[in-house]
Structure formats: structure tokens, C-alpha cells
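The structure under discussion appears below in the form of C-alpha cells.
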Amino acid sequence: MKKLLIIATLLSSMSLMANDVQPADTINGVQIWADTCTRCHNLREPAALSKRAWKYSMTHMRVRAGLTGQETRDVLAFILESKTDEDAK
Amino acid sequence: MNKIILSIGLSSLVASMLLANQADDAKIQQLLKDVKALNAMKADLEGNARSGFQLAGYASFDWTGGSGGSDDFSGVKFAPIFHYQYGTIFQFEGELEFEIDEKGETVTALEYAAGTIFLNDYMGLQIGQFMSPIGQFVQNLHPSWINKLPSTPVGFGHDGAAPTSNIGMALRGGLPKIANLRSNYVVFVANAPRFGFAADGDTIIDATGKSSSGGASQLLGARYALNPIGGMEIGISGATGEAFDDTNTSGTSQNIFRTYSAMGADFMYNDQGLDVKAEYIQQKVGDNVSSTLEGGTWTAFYAQVAYQINGLNIEPVLRYSDYENPENRKKQIAVGLNYLFANNLIAKLAYENDTNSNIDDVSRVRAQLAFGF
């Protein structure tokens, strides 16, 4: 029970941290993408997944790689901006 | 004169009609383009929804040959990962693992199944079964398309020194930059592991998520990782609590409780095709006079270097791993060569040599085709 109380205390204190949502920064996104993804695995280029699949994959990677919400939005913006019609080939 | 004026008038009329037709054609073409774009936008909007799901995952096929054994197509693994997302506030993720064993039977396992509620930009509350946050290999590097060799480092598989998964709840996320450095964290409470015998009679710490702590105190654990430079992460992790021992031979069915702790330190660095990883894991179980089973320390370490040769899609890999438990010590050197058909489609060939304290050395060759999707 004490351990759950520790989690609850952390939860209540940190959940008060306000979000400071900024417009997605694709420059920061490409930097995070290059630095963070390759630490664990080979890069998945923007063409690898559909726009919708990238949205879900990036949320998954937010949990796995310990990204902030803003970093996740920045990387997703970079990936979506990098997609072209050639991706379908 | 009148004829001339009439001719000029007629010519002007025809010319203006032709020009008007051209303008109309341009307008019609533009309108057609607009309609096409609007239809595409409508179709796109119709496909949008606040919630949705994605099927991801990985699969691999293995071959093993070597000293003291037959040549075998030794493994088939299929691990679908399901993601369900609601808006930007919730995601569920679950991984199943299907494998074929040597008897031809399908072995299934729920690797993880957890939902995360994103409370703010820096914190998610994760509930369910999640991969152990102690160290990095088990949590993030075990999928066969990510692991750079066909096998796991010794001690990092199931029932080794590294905990596999937990059932409980965790707070996790990335932190605001401190002195321009990025960092991330996990704090978790989870059910206790079991200490006892495996099916083959070995003494193990069974640190796979369970739906009961067997009466023992739950675990409290954490991991903190810092990114000193872009491609580098240094993490430390630990957990403390109790393990329940179900080997009670006193005639009662009650479990025996033992002190339990786990700690880990991990390092990852990637730059210009060079990939370096290292990790140390330790689990410790205390003694209890009510049990004949002695406690002990399980430790595992590995260090790995790989380099992707630019333009050739070839990647040599070298790994040393060392696993020690109260009954045995095993060291392994593995050398591999990978060919990347694509970044997520990899053919691996490796040679491994195991040195055991209890049995003779064993060498083997492994090949694997792995892909992530």
C-alpha cells in the first residue's frame, strides 16, 4: 500500500505540470528522429509506414523511448512532411 | 468601306469568342481540379476517426548447426503487436508471441498488454503487463529485427538474470531538458516475482509478470536515463521488494517470503553507423530459514559493437556476454555478419562459443531471417 501511495504522490504532483504545447518543430523533429531512434534500432524511413500508422507508432515510441509529448509531435510532423507520392512505390 | 468595317467587326467577334472559349476551358479545368481535390479531402476526412488501431510486430526464422548437435531449422517466431489509440490521451499496446517448439507444438505467450493514459507532456500512467524497466535489452532490444544477433545475450532470456515483465502500474515519460540535456524516467509498482524451481529442476527467479504476489510485498522500482549527447543514453535502474517462494515442504501450502532486489546499468551509443551497447543486470534473493532452498545472486553482463558499412548494407557484429547464477557460470562470445535487405529486413549469420563452468564448451553457427513490420 505504501508503494502505491508513492506512485499516487508522484502522480498528483507531476500531473500538475502544465503542458506548454508549441507548434510542431520539424527541425527538432529530425534531430530527435536521428538521435533517438537509432540508439535502439535501424531507422524506419518515413516511407516505411502510412501516415496513419506513423501516428500510432509514434505514440508507441513515446512510451518506449521516453519522449515528451512535444518531442513526439515534432518527430511526427517531420515524418509526415517528408512523405511523398513516391512512398507508395 | 462598309465591307471592310463588317469584316473587321466579324473578325473581332470570332477572335473574342475563341478567347472566351479558351478562358472557359481554363476555368473548367481548374474547376475539375478543385472538385478532384475536394473529393480527395472528403475521402480523407471520412477515413479520419478519434480512435483507431494498427497491427505491427516482427517475425523471424532460425537455423542452428554446430558441435554436439544436429543441424536444425531451429525456430519460427511470429510476434504481432496491436496498438489501439484514442485521440492523444490513451494508447493500448499488446504483444503476443507464437513460437514452434521441437515437438512441433505452438507455444504462445502474452509478452505485454498495457494501456497508457497520457496525463501531460511529461507523464503517462501505464497499467497492465509491461516489459521490465530494469535495463534496456529486455524492454527495447529483444525483438528479432532489432537484436543484431540471432540469439539473446546469455542471462538476458527468460528465467535468466534479467527480469522479463511486470504486472502493475508505472509512471513514465520524458522530462523537460535539464542544462539542455534530455532524460527520461519510469517509476513502477508491480507484483512480486516467484522464487523456486523451473520445469527442468533449475532454481530460478521467475520474474515474468504474474497476477498475484503470492502474499509477498509488491515491488517498487525505477529507471532513470540521461542523454549526454544526441546518440547516447546512460541508464540506471533498480527495484526492491519481496519474492514468494512456493517450495515449502513443511506440509503447509503457505508461501515463504524472501527479500528481493534488482539493479541494472545500461549504455547505448550510435553514431555514423557505429552501434555500441552494454548492460549489467543483477537480481538478488535473500535466504529464509523456513526453506531449504538457498538464496543467491543472479548477474548478467553483455557488451556489443556493430558497424554498418555505408553503401554495402553489411553489418559486422561482436558481442561478449557473461551470466552467473548460484549453480553455473556461462560466458559467450558471438561474432556475426548481417545483410540488410532493408532497415527492417535483415539476414544474420553468426558463430557462438559458450564456455560453461559445469559442462564442456559448445560452439554453434546460427542463421536468422528477421523482419519488423
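Does B:ILE359 satisfy the criteria of being more than 14 Å from every other protein chain (Cβ to nearest Cβ), surrounded by fewer than 21 Cβ atoms within 10 Å (Cβ to Cβ), closer than 21 Å to B:THR203 by Cβ and aliphatic (A, V, I, L, M)?
Values: more than 14 Å from every other protein chain (Cβ to nearest Cβ): yes; surrounded by fewer than 21 Cβ atoms within 10 Å (Cβ to Cβ): yes; closer than 21 Å to B:THR203 by Cβ: yes; aliphatic (A, V, I, L, M): yes.
The answer is yes for B:ILE359.
Does B:ALA37 satisfy the criteria of being within 14 Å of another protein chain (Cβ to nearest Cβ) and surrounded by fewer than 17 Cβ atoms within 10 Å (Cβ to Cβ)? It would help to see each step written out before you state the result.
Numbers: within 14 Å of another protein chain (Cβ to nearest Cβ): no; surrounded by fewer than 17 Cβ atoms within 10 Å (Cβ to Cβ): yes.
So B:ALA37 does not fit the description; no.
Among the listed residues A:LEU43, A:LEU16, A:LEU5, which satisfies the condition of being surrounded by fewer than 21 Cβ atoms within 10 Å (Cβ to Cβ), modelled with pLDDT under 95 and at the interface with chain B (Cβ under 8 Å from one of its Cβ atoms)? So that I can check it myself, show each step before the final result.
On the way: A:LEU16 fails: at the interface with chain B (Cβ under 8 Å from one of its Cβ atoms); A:LEU5 fails: at the interface with chain B (Cβ under 8 Å from one of its Cβ atoms).
Result: A:LEU43 is the single residue among A:LEU43, A:LEU16, A:LEU5 that is surrounded by fewer than 21 Cβ atoms within 10 Å (Cβ to Cβ), modelled with pLDDT under 95 and at the interface with chain B (Cβ under 8 Å from one of its Cβ atoms).
Restricting to region B:173-218, what's the tally of residues that are more than 8 Å from chain A (Cβ to nearest Cβ), of a type in the set (A, V, I, L, M) and either in a strand (DSSP E or B) or touching a Cys at 6+ places or on another chain (Cβ under 9 Å) (or both)?
Counting residues in region B:173-218 that are more than 8 Å from chain A (Cβ to nearest Cβ), of a type in the set (A, V, I, L, M) and either in a strand (DSSP E or B) or touching a Cys at 6+ places or on another chain (Cβ under 9 Å) (or both) gives 5.
Can you name every residue in region B:320-357 that is hydroxyl-bearing (Ser, Thr, Tyr) and assigned to a strand (DSSP E or B)? Don't jump to the end; show me each part of the working.
Taking region B:320-357 first, the residues hydroxyl-bearing (Ser, Thr, Tyr) are B:320-321, B:323, B:339, B:351, B:355, B:357.
Passing the criteria: B:TYR320, B:SER321, B:TYR323, B:TYR339, B:TYR351, B:THR355.
Return yes when B:TYR307 is over 28 Å from B:ASN248 (Cβ atoms) and either in contact with a helix residue (DSSP H, G or I) (Cβ under 8 Å, 6 or more places away or on another chain) or away from every other protein chain (no Cβ under 14 Å) (or both) and no when it is not.
Details: over 28 Å from B:ASN248 (Cβ atoms): yes; either in contact with a helix residue (DSSP H, G or I) (Cβ under 8 Å, 6 or more places away or on another chain) or away from every other protein chain (no Cβ under 14 Å) (or both): no.
Criteria not met by B:TYR307.
How many residues are aliphatic (A, V, I, L, M) and without any contact (Cβ under 8 Å) to a residue 12 or more places away in the chain when one looks only at region B:172-218? Spell out the reasoning first.
First, pick out the residues of region B:172-218 that are aliphatic (A, V, I, L, M): B:175, B:178-179, B:181, B:186-187, B:189-190, B:192, B:198-199, B:204-205, B:207, B:216.
Add one more test, that the residue is without any contact (Cβ under 8 Å) to a residue 12 or more places away in the chain, and what stays is B:178-179, B:199.
Count: 3.
Which condition number does A:ALA53 fail, the rest of (1) at pLDDT 95 or above; (2) within 21 Å of B:ILE117 (Cα to Cα); (3) outside any loop (DSSP other than H, G, I, E, B) being met?
If we test A:ALA53 against (1) at pLDDT 95 or above; (2) within 21 Å of B:ILE117 (Cα to Cα); (3) outside any loop (DSSP other than H, G, I, E, B), just (1) comes out false.
Need the failing condition index for B:ALA49 against (1) within 14 Å of another protein chain (Cβ to nearest Cβ); (2) without any contact (Cβ under 8 Å) to a residue 24 or more places away in the chain; (3) assigned to a strand (DSSP E or B), just the number.
(3)
With within 30 Å of A:VAL30 (Cβ to Cβ), of a type in the set (D, E, K, R) and in a strand (DSSP E or B) as the only criterion, which of B:LYS277, B:LYS284 stands out? Spell out how you get there, then give the answer.
Details: B:LYS284 fails: within 30 Å of A:VAL30 (Cβ to Cβ).
Step by step, each of B:LYS277, B:LYS284 is checked, and only B:LYS277 is within 30 Å of A:VAL30 (Cβ to Cβ), of a type in the set (D, E, K, R) and in a strand (DSSP E or B).
Looking only at region A:23-37, how many residues end up being surrounded by fewer than 20 Cβ atoms within 10 Å (Cβ to Cβ) and facing chain B (nearest Cβ under 10 Å)?
Taking region A:23-37 as the starting set, the residues that turn out to be surrounded by fewer than 20 Cβ atoms within 10 Å (Cβ to Cβ) are A:23-28, A:30-31, A:34-35, A:37.
Subset that is facing chain B (nearest Cβ under 10 Å): A:31, A:34-35, A:37.
Result for region A:23-37: 4.
Tell me which of these A:THR68 doesn't satisfy, since it passes every other one: (1) at the interface with chain B (Cβ under 10 Å from one of its Cβ atoms); (2) modelled with pLDDT of 95 or more; (3) surrounded by fewer than 20 Cβ atoms within 10 Å (Cβ to Cβ).
(3)
In the list B:PHE92, B:PHE61, which residue meets the criterion of being aromatic (Phe, Trp, Tyr) and within 14 Å of another protein chain (Cβ to nearest Cβ)? Can you show your working first?
On the way: B:PHE61 fails: within 14 Å of another protein chain (Cβ to nearest Cβ).
Step by step, each of B:PHE92, B:PHE61 is checked, and only B:PHE92 is aromatic (Phe, Trp, Tyr) and within 14 Å of another protein chain (Cβ to nearest Cβ).
Suppose we filter B:ALA306, B:ALA278, B:ALA262 for residues that are crowded, with 23+ Cβ neighbours inside 10 Å, among the small types (Gly, Ala, Ser) and either at pLDDT 95 or above or more than 19 Å from the chain's Cα centre (by Cα) (or both); which single one remains?
Numbers: B:ALA306 fails: crowded, with 23+ Cβ neighbours inside 10 Å; B:ALA278 fails: crowded, with 23+ Cβ neighbours inside 10 Å.
Being crowded, with 23+ Cβ neighbours inside 10 Å, among the small types (Gly, Ala, Ser) and either at pLDDT 95 or above or more than 19 Å from the chain's Cα centre (by Cα) (or both) holds for just one of B:ALA306, B:ALA278, B:ALA262, which is B:ALA262.
The values are calculated or read from the model by the stated rules, or taken from the named source; none is laboratory data. Note that this is a predicted model, so its numbers are computed, not measured. Quick reminder, even Gly has a Cβ in these numbers, built from the backbone with ideal geometry, and neighbours come from all protein chains shown.
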